[in-house]
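Here is the structure we will look at.
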Amino acid sequence: MATLGSVPELPEVESYRRLAESALFRTVRSIVTPDAWFLKGGVDGKVLRRALIGHRFVSARRIGKLLVLETDGGPPLGIRFGMTGTLMVDGAAAVGELRYAPRRHDPKWDRWSARFDDGGTLVVSDPRRLGGVLLDPDLSLLGPDSATITGSQLAAALRGSRAPLKARLLDQARVAGVGNLMADEVLWRAGLSPLRPAGSLSANELRRLHRNLVRTVEDLIDRGGSHLGDLMVERQPGGRCPRDGAPLTRSTVGGRTSWWCPRHQV
DNA sequence: ATTGTGGCCTGCCCGC
DNA sequence: TGCGGGCAGGCCACAA
């Protein structure tokens with residue numbers, strides 16, 4: 001299998017955020033919205049132009065997988081990347097190829113662009129159109145960011161839930177930033193089954209999960225993508241646990257394809 | 001309320 | 001060689 005990137009989970013969006021910092025403090029001259037489907041939350045091109053043209057982005061924040069570009073006086077712009085979205089500034093992409101996206105760039109996949117007074121651009125490219133752009137995103141719909149979540153916040157996110165642990169971790173309203181690949185990696189590292197009822201973890205298991213979640217996020221940001229976890233190369237038919245060699249189990253958990261080690265993830 | 005399911009989107013890959 | 005059916009998963013609407 002080729003060494004590709006992965007879907008835009010927290011590590012990818014963090015690299016997009018860093019790239020977006022190079023687009024700050026540059027005056028927006030025009031907005032290109034070729035795909036009305038890509039505009040979310042009831043905004044249209046006219047509203048976006050009124051909000052952004054003549055203004056500048058002044059900060060690039062990330063909450064979970066959501067990129068928020070704050071403007072000088074107007075409402076912030078929210079960008080979601082779905083599973084194949086990439087960010088480009090001045091023609092350069094933030095990270096390498098995405099696992100489930102084409103390896104090339106085609107301008108027809110540019111779903112949204114801002115052009116600056118200096119001639120540069122900020123472009124959202126998304127072949128499968130699962131991402132989107134919105135104004136003034138409601139951040140209260142997102143749980144604590146998994147890069148900085150505290151142990152007690154994680155405990156609160158899981159407490160009392162009978163949903164599968166993995167499904168709860170994927171719920172962006174509970175914990176923001178965990179996607180399918182990173183969920184498998186974190187649970188594998190923590191030695192916890194994705195099928196465990198979320199509220200059934202002991203205090204020790206909670207500590208273990210929290211430690212591995214925060215460390216994994218940091219680790220994968222450093223490595224450069226959610227596809228660079230230790231489990232990922234085995235996350236395919238015939239794959240074996242890198243820790244103990246047991247054949248990995250594949251099934252659907254929380255509506256997502258899941259791979260885990262039946263020997264040490266309990 | 002919580003939890004589960006299906007659909008959206010479309011390029012790519014596999015088998016015929 | 002072309003074709004068609006699955007597949008991938010973030011997010012949302014909807015059902016029970």
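The values are calculated or read from the model by the stated rules, or taken from the named source; none is laboratory data. Just so it is clear, the model here is predicted, and its values are computed rather than measured. Neighbour counts are summed over all protein chains in view; Cβ atoms, including those assigned to glycine, are modelled from backbone coordinates with ideal geometry. When the accessible area is computed, the model is the full protein with side chains, heavy atoms only, and any ligands, DNA or RNA have been set aside. Shrake-Rupley method; radii C 1.70, N 1.55, O 1.52, S 1.80 Å.
Computed over the Cα atoms of chain A, pair by distinct pair, the Kirkwood hydrodynamic radius stands at 19.2 angstrom. Where in chain A are the helices, taken as whole DSSP H runs, whose Cα atoms extend 18 angstrom or more along the long axis and whose Kyte-Doolittle mean reaches at least 0.0? Membrane-span-like by this rule: not one helix. Selection among A:Gly245, A:Thr27, A:Ile63 by position relative to the dipole of chain A gives A:Gly245 as farthest towards the positive end (Cβ unit charges, Cα centre).
Normalising by residue count, segment A:120-212 has a Cα convex hull of 134 Å³ per residue. Sequentially through segment A:133-150, phi angles give Karplus couplings (6.51, -1.76, 1.60; θ = phi - 60°) of 10, 8, 9, 6, x, 7, 6, 6, 7, 10, x, x, 5, 6, 6, 10, 4, 8 Hz, Gly and Pro residues having no value and appearing as x. Highest mean first, the peptides A:249-257, A:189-197 sorted by other C-beta atoms within 10 Å per residue fall in the order A:189-197, A:249-257. Measuring nothing but how far apart in sequence close Cα pairs (under 8 Å, 6+ apart) lie, relative to its length, chain A scores a relative contact order of 20 percent. Put a plus charge on the Cβ of each Lys and Arg, a minus charge on the Cβ of each Asp and Glu, and nothing anywhere else: the dipole of segment A:14-86 about its Cα centre is then about 20 debye. The residues of chain A present an accessible area of 44 Å² per residue when probed at 1.4 Å with all protein chains retained.
Full extension of the chain between A:Ile53 and A:Gln236 yields a length gain of 61.2 nm, computed as 0.36 nm times the residue separation minus the alpha carbon distance.
In a fully extended conformation the segment linking A:Lys108 and A:Ser161 would gain 14.8 nm over its present Cα-Cα distance, using 0.36 nm per residue. In angstrom, the C-alpha Rg and Dmax of segment A:143-260 are 13.2, 38.
With 0.36 nm allotted per residue and the present C-alpha distance subtracted, the A:Arg223-A:Asp138 stretch has 27.6 nm of extension available. Sorted from longest to shortest, the spans of the Cα atoms of segment A:10-140 along the three principal axes equal 37, 34, 26 Å. When the Cα positions of A:Gly199, A:Ala157, A:Asn212 are compared along the charge dipole of chain A, A:Gly199 comes out farthest toward the positive end, with charges on each C-beta of Lys, Arg, Asp and Glu. Per-atom-type breakdown for segment A:143-260 gives carbon and sulfur 48% of the accessible area (1.4 Å probe, protein chains only). Taking label positions 7 Å along the Cα-Cβ direction at both A:Thr148 and A:Ser200, the computed distance is 3.4 nm, reported to one decimal. Here segment A:10-140 has 50 percent of its accessible surface on carbon and sulfur atoms, given a 1.4 Å probe and all protein chains in place.
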